[in-house]
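Worksheet: the structure to be examined is printed underneath.
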Amino acid sequence: MKKLTALSAVTLGSLLLFTACQEPEQPEGEGDNSTEAAENEEAAEGNGEESTEDTPGDVDVDAAEIVLDFWNGFTGPDGEDINNIIADFNEMHEGEIAVRTQTMPWENFYDQFRTVVANDEAPDIAIMHLDSIAGYAQNDTLTPLDDLVDDIGFEDDDFIEEVWQAGEFEGSRYGIPLDVHPLGLFYNIDLLEEAGYSEPPETYDELVEMSLAVQEETDAYGIAMPVFWPSNMIFYTSLMSHGGETVSEDGLTALYNSPEGEEALQKMVDLVYEHEVSPADVQADGEVTLFRQGNSAFHINGIWMIAGFEDQEGLNFGSAPVPNFGDEEGVWAGSHNFVLPKQEEEDPERQEAAMEFIEFVTENGVDWAKAGQVPASYSVLESEEFQELEHQYNISQQEFIFPPTSPYYDDTWGPTGPAVDEAMLQQMTPDEALERAAREGEANAEQAASEHSD
Amino acid sequence: MESVNETRPRKSKSWKEKLTPLLFIGPHLFFFLIFLAYPTIYGLVISFHNWNFFGDMSFAGLENYANILWVTDSLYFEYFWTAFRATFIFVILSVPPLIIIPLLIAVAINAKPPGQNFFRALFYAPSLLSVVTVVLIWIWLLDTNAGLVNYYIGTLGLDAIPWLTRTPWVWISLVLMTIWWTIGTNMILFLAGLGEISDQLYEAAKIDGANKIQQFFHVTLPGLKGPMAFVLVMTTLASFNVMAQPQLATGGGPGYETRVLILYIYEVGFTGGNPRAGLAAAMSVVLGMILLCISLVQFKLMSREK
């Protein structure tokens, strides 16, 4: 017995030590995307698999006539921001509508979503990523919103046109955008100053020039180009800037294996091996570490990194649009969308209440923007309050390009992930890598489409 | 009359005797049926269908199996066997050290050196951590440009090692973190086995003039046959089922190098806009069969030796 106590005491001690050591690397922000790596990041960061239920606000749920279930994956600090907005809504509608949230990591969200909709236990409202909507709409799990949008008098021209259009699939609307989350450029103000610059680069050439200057004047790298995720989001952005296209409208044909695609990818590879302004072999999250430590001057990543970088002591950073790798403007962007999952029996009153809630949240978009997002509506985008959010505002000043709304986009585009990895390691030339990705992606999509038409 | 009186309680006792074990097994049987038997059979059924979790299953016959087993120009054939190769590499690299190292540690601790409890706890502690924690610690340590390991390698004047981006280093890193994480469990099993070996055997060996090394090979190892078979089979199975380490540390990369079977099955079945439950189930069945064969062979080999 004595042995056992001694053993467990030591074990406990060392365990505490481990957790203590590990804590500081947690605030990774919300890796927000439907790609795998992002989900991993979230799984890594969240408190595991659990989901939490909550009714924000100081209200009596039982007194409400309608209780709406709202599912989302905001497990990070952004969960608190959305809860604050919901609390206001609940307090305003006390006795009438109460919104009850269910929060879980995104991968669990999508797994469970399938199950509950199939069993007719779907929540009233959910948040879904833009690029997932088409697939779920095609499988008849989402409610078309056209009539509801008309009834409530949603002003569609108040939304950024591209993101509003992206919520449509086969002529019907399924999503109402909550926000836009693009890639952006983060830069280390101190390092740039030492190198003699005060403004961030706007083009690829400027990026290279400033990076070389930084490496000349300091011990830091110019930029750290990731090998793994989000490298293929950077590729997407570079591809857009070169005037290339991702996949065809129907999602079945790859268009990225083009001369534009090759050049777009080559320029990323060149940053490492030709211009030597980035270290090679930057592993998962390695680029984030270098930027946090002040060991790289530039960093391309999603807008969701803002909160994490703001918390980083001693990091004096600025934000800007991603420099144009080619001649055109254009940047990868994702979007969180409200959707109404399909119910076996539709209840117009509940739907109306749900729309009222959605309208309330989008109108209060500036509170959500503080969580590190770009609001999707012009009225908020142009508000003074939003313009005061320095980083969010800077990163919003870009041309957002969303992927085509096709249920097969993911199948066709997906294989660019490993392909870009191998190109970034120079295990394949950009040409070979993209050709392989296109071959695999088209086979994937074809198979998926044939299964669906069965 | 007397005889009747005697037999009666005996009869009811034998009835009770029969029922009591069932009562103990019952709960387990219940959970076994619900959580293992039913899903296994259901998985088998799914593997003969095309299904995306919504809508209805459509019967596909052997199509899913064909795509991974004999239609060699199918994309899934290529992916499946690449993933199988990755899994196999991991098994080959991880199983031997996962047996030898814990065995040596167990023997050392069993010799009762000072501070043995401390060491026992030290080696066992990592097993208590979640895989996410373990991988994060190691990613941090092995970072190519900012990690502690490469820092020390740098002070020796050597080039930085791309631990988590290039072969063969990715494999070494994955095996390294797995060893650190799981040796404790095997060590405890070996320690239990060592405790069972009678001291008289060692004394007899000593009298016969056997040195320490001879004692190890002729007394310790044969004495550990039972635990060894168990550890070998369980470790092999666990290594075949590896998923979280490559998923978190390398995302299956570079390219498809470390995309192991379970990770690939998960991708096919649960990610993207078009999950393919049927294909994923077929892959799981094939993997299950392979594991069954390997375990049988291992048990046969271990029990044949005297």
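The values are calculated or read from the model by the stated rules, or taken from the named source; none is laboratory data. These numbers were taken from a predicted model, which means no experiment stands behind them. No Cβ is skipped: glycine too gets one built from the backbone with ideal geometry, and neighbour counts run over all protein chains shown. Side chains included, ligands, DNA and RNA excluded: accessible areas come from the protein's heavy atoms. Shrake-Rupley method; radii C 1.70, N 1.55, O 1.52, S 1.80 Å.
Annotations
- Cleavage-rule hits, GluC sites (Glu not before Pro), segment A:332-413, DSSP coil, Cβ neighbours within 10 Å at most 12: A:344, A:345, A:346, A:382, A:388
- Farthest toward the positive end of the dipole of chain A, out of A:255, A:351, A:172, is the Cα of A:255, where the dipole comes from beta carbon charges about the Cα centre.
- Length, then width, then depth: along the principal axes, the Cα atoms of segment B:78-304 run 69, 49, 27 Å.
- The protection proxy used here, the mean number of other Cβ atoms lying within 10 Å of each residue, ranks peptides B:109-118, A:117-126 as follows, highest first: A:117-126, B:109-118.
- Remark: mean inter-chain Cβ contacts per residue of B:265-273 equal 6, using a 10 Å Cβ-Cβ cutoff to other protein chain atoms.
- In chain B, a dipole from Cβ-located charges (positive for Lys and Arg, negative for Asp and Glu) runs towards its positive end, and of B:28, B:103, B:151 it is B:28 whose Cα lies farthest in that direction.
- Degrees, to the nearest 10: A:36-45 long Cα axis against longest axis of chain A: 80
- Quarter of the Cα convex hull surface for segment A:297-451, i.e. its orientation-mean projected area (nm²): 13.8
- Here residue A:78 sits with roughly 10 square angstrom of accessible surface, probe radius 1.4 Å.
- Think of chain A as having a plus end and a minus end, set by charges on the Cβ of Lys, Arg, Asp and Glu; of A:102, A:300, A:144, A:300 sits farthest toward the positive end of this dipole.
- Cα-projected label distance for residue B:207 with residue A:88, points at 7 Å along beta-carbon direction, nm: 8.9
- The mean number of Cβ atoms from other chains found within 10 Å of a Cβ in peptide B:243-254 is 6, as a whole number.
- Between the helical axis of A:78-92 and the longest alpha-carbon principal axis of chain A there is an angle of about 30 degrees.
- Kyte-Doolittle at least 0.5, axis length at least 18 Å by Cα - qualifying DSSP helices, chain B: B:75-110, B:169-196, B:225-240, B:277-304
- For segment B:78-304, the relative contact order works out to 28 percent when only alpha carbon pairs closer than 8 Å and six or more residues apart are counted.
- Cut-off under 5 Å, modelled amide H: who pairs with residue A:71 long-range: A:102, A:125, A:126, A:127
- A Förster radius of 22 Å, combined with the Cβ-Cβ distance separating residue B:128 from residue B:192, puts the computed FRET efficiency at roughly 0.75.
- Alpha-carbon centroids, segment B:25-75 and segment B:259-281: separation in whole Å: 12
- Candidate cross-link partners of residue B:225 among the aspartates and glutamates, defined by an alpha-carbon separation under 16 Å and a same-chain spacing of 8 or more, comprise B:196, B:305.
- Helices in chain B, meaning DSSP H runs of at least 4 residues, each add -39500 (n - 2.57). Divided by all residues, the mean residue ellipticity at 222 nm is -23000 deg cm²/dmol.
- Largest-first ordering by accessible area, 1.4 Å probe, given options B:79, B:152: B:152, B:79
- Phi-based couplings in Hz for segment A:278-294 (Karplus 6.51, -1.76, 1.60; Gly and Pro marked x): 9, x, 7, 6, 7, 7, 3, 6, x, 5, 5, 4, 4, 5, 4, 7, x
- Here the protein assembly as shown is described by how far its Cα atoms reach on the three principal axes: 94, 81, 56 Å, from widest to narrowest.
- Among B:136, B:201, B:189, residue whose mean-square fluctuation peaks in a GNM of chain B (springs only between Cα atoms under 10 Å): B:201
- Alpha-carbon centroid distance for the pair segment A:54-81 / segment A:137-171, whole angstrom: 24
- Within segment A:60-91, the GluC sites (Glu not before Pro) that combine a DSSP coil assignment with at most 15 other C-beta atoms in a 10 angstrom radius are A:65.
- Gained length - residue A:162 relative to residue A:382, 0.36 nm times residue gap less alpha-carbon distance: 77.5 nm
- Axis of helix A:2-22 versus longest Cα principal axis of chain A: the two differ by about 70°, to the nearest ten degrees.
- Sequentially through segment A:349-356, phi angles give Karplus couplings (6.51, -1.76, 1.60; θ = phi - 60°) of 5, 5, 5, 5, 4, 4, 5, 4 Hz, Gly and Pro residues having no value and appearing as x.
- Amide H partners (placed H, <5 Å) of residue A:185, local residues excluded: A:320, A:322
- Residues listed by number, segment B:274-303, amide nitrogen under 12 Å from residue B:58 label point at 7 Å toward C-beta: none
- Segment A:329-389 and segment A:268-311: distance between their alpha carbon centers, rounded to Å: 30
- Simple Cβ-charge dipole of chain A, Lys/Arg +1 and Asp/Glu -1, about Cα centre, in debye nearest 20: 1920
- Accessible surface comparison of A:260, A:193, probe 1.4 Å, protein chains only, largest first: the order is A:193, A:260.
- Residues with amide H under 5 Å from that of residue A:333, placed H, sequence gap 5 or more: A:401
- Under 18 Å from residue B:16, Cα to Cα: aspartates and glutamates that are on another chain or at least 8 residues apart: B:6
- Take each residue of peptide A:282-295, count the partner chain Cβ atoms within 10 Å of its Cβ, and average: the result is 5.
- The portion of the accessible surface of the protein assembly as shown made up by carbon and sulfur, rounded to a whole percent, is 56 (1.4 Å probe; DNA, RNA and ligands excluded).
- Among beta bridges from DSSP that stay inside the protein assembly as shown, the antiparallel ones total about 65%.
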